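Each remark here refers to the structure printed beneath this line.
The values are calculated or read from the model by the stated rules, or taken from the named source; none is laboratory data. None of the values given here were measured: they were computed from a predicted structure. For neighbour counting, all protein chains shown are included, and Cβ atoms are generated from backbone atoms with ideal geometry for every residue, glycine included.
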C-alpha cells in the first residue's frame with residue numbers, strides 16, 4: 001500500500017474564513033474583519049472604517065465558533081485523523097499588543113482541542129493564517145514594523161504553553177510566499193496602512209513587502225527555536241503556496257524565465273525556512289528591483305537556528321511562463337501569474353486543473369529538501385447546487401480529488417515521504433481571494449449565501465461519503 005499506515009487524512013480550514021464570532025468574548029478586529037464581500041468579477045475591498053449596510057463576510061463566516069461540536073462530529077464521521085485549523089491571533093491578543101492573553105479566547109481553543117481529542121483527531125494548527133490584528137496595521141504598517149516580531153513571539157509563547165499537551169503539529173505562517181506577490185500586501189503582510197479600496201488595487205511597494213517578509217522569517221525562526229528548546233514534543237512546519245510553473249515552449253528563454261519565477265515564487269521562502277539562509281539567487285533579484293533588506297546584527301544566526309521539521313504546502317493549479325510577447329492571456333488564480341496551459345482545463349474560476357502537476361511538485365520539493373511533507377490545501381472551488389431533498393451531487397469535486405490522490409500515490413511510489421493530506425475547505429467557508437460563499441470547496445454544504453442570508457445548517461454532499469470511503473481504505477478505494 002503506497003500510503004503509510006499512520007497517514008494523516010483530514011481537512012483544512014482557517015479561522016478568519018470559518019470561525020465567525022468576530023467580536024465575541026473579547027476578540028479584536030483582524031484584517032479580514034475589515035474586508036467586504038466580493039465575487040469572481042468584483043474584488044473585495046478593505047475599509048479602515050466599517051460601512052453601514054456593507055457585508056463583511058468573515059464576521060460570521062460559517063460560524064465554527066458556535067458549531068464546533070457539530071462540525072468536529074462530522075469530521076469524525078468521515079474518519080479524519082487530522083484537523084487543520086488556525087488560531088485567531090485577535091482572539092488571544094485582541095490588538096496584538098496586550099501584555100496578557102485573553103482567557104476567553106484561550107478557553108475556546110481548549111474546548112476545540114478537547115473535542116478533537118474525544119474523537120482521536122490530531123490538530124494541525126496554523127499560528128497565523130491571514131488574520132493579522134488590524135491594530136498592528138494601523139500602528140506599525142503591518143509586518144513592515146519589526147516590532148511585530150516580538151508581538152508574534154509573545155502570542156506563540158502563550159499558545160505553546162497553554163496547548164503544549166494538546167497540539168503536536170504547528171505551522172508558523174500560512175502561504176508565507178504570498179508575500180512575494182502584490183496580493184500579499186493585504187492577505188499576509190498587512191502593509192496597507194490607511195488603504196481604502198479594492199484589494200487588487202492596494203499600493204504595492206516591493207521594498208516594503210520584502211522587508212516585511214524578512215520580519216516574518218525572523219518571527220518564524222524565533223518561535224521554532226523556542227519550540228525546539230522548550231517543547232521538544234512539537235513538530236514545526238512551514239506552509240507555502242506551491243504555484244507550479246512550466247516553460248510554455250522548449251525555447252531556452254522560456255525555460256530560464258520559468259526557472260526564475262519558480263525560484264522567486266516557490267523556492268525563496270522555503271529555502272530560508274528549510275535551509276536557514278537567504279539563497280544567493282535573490283541577490284540579483286533584489287539588486288534589479290532596488291531592494292535592500294535591512295538586517296540587524298544576529299538576524300542571519302536567528303534564521304539558521306529556526307529551521308522547520310516538515311514541509312507543507314497548498315496546491316491548486318499550475319501555469320506557464322513565456323517570453324514571447326505574442327503569447328497572450330493570463331492564467332487564473334488569486335496569486336499565481338503566468339499564461340494558461342493549452343493542455344489543461346480550468347475550473348469555474350479559471351484555475352487550471354493539473355493533477356500531474358502535484359506529482360511533479362511533490363518530487364521536486366522532496367528532492368530539494370528531503371523533509372517529510374504534507375499537502376495541507378488542495379481542492380476545487382465550484383458552484384454547488386442544493387437539491388430540494390438537501391443533497392448536493394458534486395461528482396466534479398470527487399473527480400478532481402480522485403485524480404490528485406492518484407498522483408500523490410505515484411509520488412509516494414517515487415520515494416516521497418508524504419505524511420498526510422488535508423483538502424481545503426472540507427466544510428464550506430468564505431473564499432479568501434474573493435470574499436464570497438458561492439465558491440464552495442467543502443464535503444459539507446453550509447446554508448450561507450453571498451447576501452448574508454442562510455440558517456447555517458450543515459448537509460453532507462456526495463463527496464462526504466466518497467472521502468469517508470477513501471479514508472477507510474487508506475487511499476486504496478477511489479471509486
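Residue-wise test of (1) crowded, with 19+ Cβ neighbours inside 10 Å; (2) more than 29 Å from residue 215 (Cα to Cα); (3) in contact with a strand residue (DSSP E or B) (Cβ under 9 Å, 6 or more places away or on another chain).
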{"site": "73", "(1), (2), (3)": "no, yes, no"}
{"site": "86", "(1), (2), (3)": "yes, no, yes"}
{"site": "93", "(1), (2), (3)": "yes, no, yes"}
{"site": "97", "(1), (2), (3)": "no, no, yes"}
{"site": "117", "(1), (2), (3)": "no, yes, yes"}
{"site": "125", "(1), (2), (3)": "yes, no, yes"}
{"site": "149", "(1), (2), (3)": "yes, no, no"}
{"site": "159", "(1), (2), (3)": "yes, no, yes"}
{"site": "163", "(1), (2), (3)": "yes, no, yes"}
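Kindly indicate which of 433, 457 is closer than 30 Å to residue 46 by Cα, under 22 Å from the mean Cα position of the chain (by Cα) and either surrounded by fewer than 24 Cβ atoms within 10 Å (Cβ to Cβ) or touching a residue at least 12 places away in the same chain (Cβ under 8 Å) (or both). Write out each step before concluding.
Details: 457 fails: under 22 Å from the mean Cα position of the chain (by Cα).
Only one candidate passes the filter, namely 433.
Looking at residue 158 and the list (1) part of a helix (DSSP H, G or I); (2) touching a helix residue (DSSP H, G or I) at 6+ places or on another chain (Cβ under 9 Å); (3) closer than 23 Å to residue 48 by Cβ, which single condition is not satisfied?
The number of the failed condition is (3).
Evaluate the following for residue 393: is it part of a helix (DSSP H, G or I), modelled with pLDDT of 95 or more and either closer than 28 Å to residue 460 by Cα or in contact with a helix residue (DSSP H, G or I) (Cβ under 7 Å, 6 or more places away or on another chain) (or both)?
Numbers: part of a helix (DSSP H, G or I): no; modelled with pLDDT of 95 or more: yes; either closer than 28 Å to residue 460 by Cα or in contact with a helix residue (DSSP H, G or I) (Cβ under 7 Å, 6 or more places away or on another chain) (or both): yes.
Considered against the rule, which asks whether it is part of a helix (DSSP H, G or I), modelled with pLDDT of 95 or more and either closer than 28 Å to residue 460 by Cα or in contact with a helix residue (DSSP H, G or I) (Cβ under 7 Å, 6 or more places away or on another chain) (or both), residue 393 comes out as no.
Tell me, which residue of region 281-313 that is in a helix (DSSP H, G or I) and in contact with a helix residue (DSSP H, G or I) (Cβ under 7 Å, 6 or more places away or on another chain) is nearest to residue 367 (Cα to Cα)?
This residue is 281.
Restricted to region 205-230, and to residues that are touching a strand residue (DSSP E or B) at 6+ places or on another chain (Cβ under 9 Å) and over 19 Å from residue 263 (Cβ atoms), which residue is surrounded by the most Cβ atoms within 10 Å (Cβ to Cβ)?
220
Restricting the search to region 265-280, which residues are surrounded by fewer than 18 Cβ atoms within 10 Å (Cβ to Cβ) and part of a helix (DSSP H, G or I)?
275
If I ask for residues that are in contact with a helix residue (DSSP H, G or I) (Cβ under 8 Å, 6 or more places away or on another chain), under 30 Å from residue 261 (Cβ atoms) and not in a helix (DSSP H, G or I), which ones from region 161-194 would you list?
170, 172, 173, 174, 175, 181, 182, 183, 190, 191, 192, 193 - these are the residues of region 161-194 that are in contact with a helix residue (DSSP H, G or I) (Cβ under 8 Å, 6 or more places away or on another chain), under 30 Å from residue 261 (Cβ atoms) and not in a helix (DSSP H, G or I).
Right, residue 245: assigned to a strand (DSSP E or B), surrounded by 15 or more Cβ atoms within 10 Å (Cβ to Cβ), touching a residue at least 12 places away in the same chain (Cβ under 8 Å) and in contact with a helix residue (DSSP H, G or I) (Cβ under 7 Å, 6 or more places away or on another chain) or not? Can you show your working first?
Details: assigned to a strand (DSSP E or B): yes; surrounded by 15 or more Cβ atoms within 10 Å (Cβ to Cβ): yes; touching a residue at least 12 places away in the same chain (Cβ under 8 Å): yes; in contact with a helix residue (DSSP H, G or I) (Cβ under 7 Å, 6 or more places away or on another chain): yes.
It is true that residue 245 is assigned to a strand (DSSP E or B), surrounded by 15 or more Cβ atoms within 10 Å (Cβ to Cβ), touching a residue at least 12 places away in the same chain (Cβ under 8 Å) and in contact with a helix residue (DSSP H, G or I) (Cβ under 7 Å, 6 or more places away or on another chain).
Need at least 1 residues that are over 23 Å from the mean Cα position of the chain (by Cα) per element, so show me which helices (runs of 4 or more DSSP H) inside region 63-151 make the cut, counting only ones lying wholly within it. Steps first, answer last, please.
On the way: elements: 64-78, 89-92, 103-118, 134-140.
Once the helices (runs of 4 or more DSSP H) in region 63-151 are filtered for at least 1 residues that are over 23 Å from the mean Cα position of the chain (by Cα), what remains is 64-78, 103-118, 134-140.
For residue 375, which of the numbered conditions (1) assigned to a loop (DSSP other than H, G, I, E, B); (2) under 30 Å from residue 64 (Cα atoms); (3) modelled with pLDDT of 95 or more fails to hold?
(1)
Which residues, counting only those in region 1-33, are buried (at least 22 other Cβ atoms within 10 Å of the Cβ) and part of a helix (DSSP H, G or I)?
Matches in region 1-33: 15, 16, 17, 18, 31, 32.
For region 317-332, how many residues meet the condition of being in contact with a strand residue (DSSP E or B) (Cβ under 7 Å, 6 or more places away or on another chain), in a loop (DSSP other than H, G, I, E, B) and touching a residue at least 60 places away in the same chain (Cβ under 8 Å)?
Going through region 317-332 one residue at a time, the tally reaches 3.
Among the candidates 290, 395, which residue alone is surrounded by fewer than 18 Cβ atoms within 10 Å (Cβ to Cβ), out of contact with any strand residue (DSSP E or B) (no Cβ under 6 Å at 6 or more places or on another chain), closer than 25 Å to residue 256 by Cβ and touching a residue at least 40 places away in the same chain (Cβ under 8 Å)?
On the way: 395 fails: closer than 25 Å to residue 256 by Cβ.
Exactly one residue qualifies, and that residue is 290.
Quick test of your reading of the structure: residue 54 fulfils all but one of (1) surrounded by 14 or more Cβ atoms within 10 Å (Cβ to Cβ); (2) modelled with pLDDT of 95 or more; (3) touching a strand residue (DSSP E or B) at 6+ places or on another chain (Cβ under 9 Å). Name the failing condition by number.
(1)
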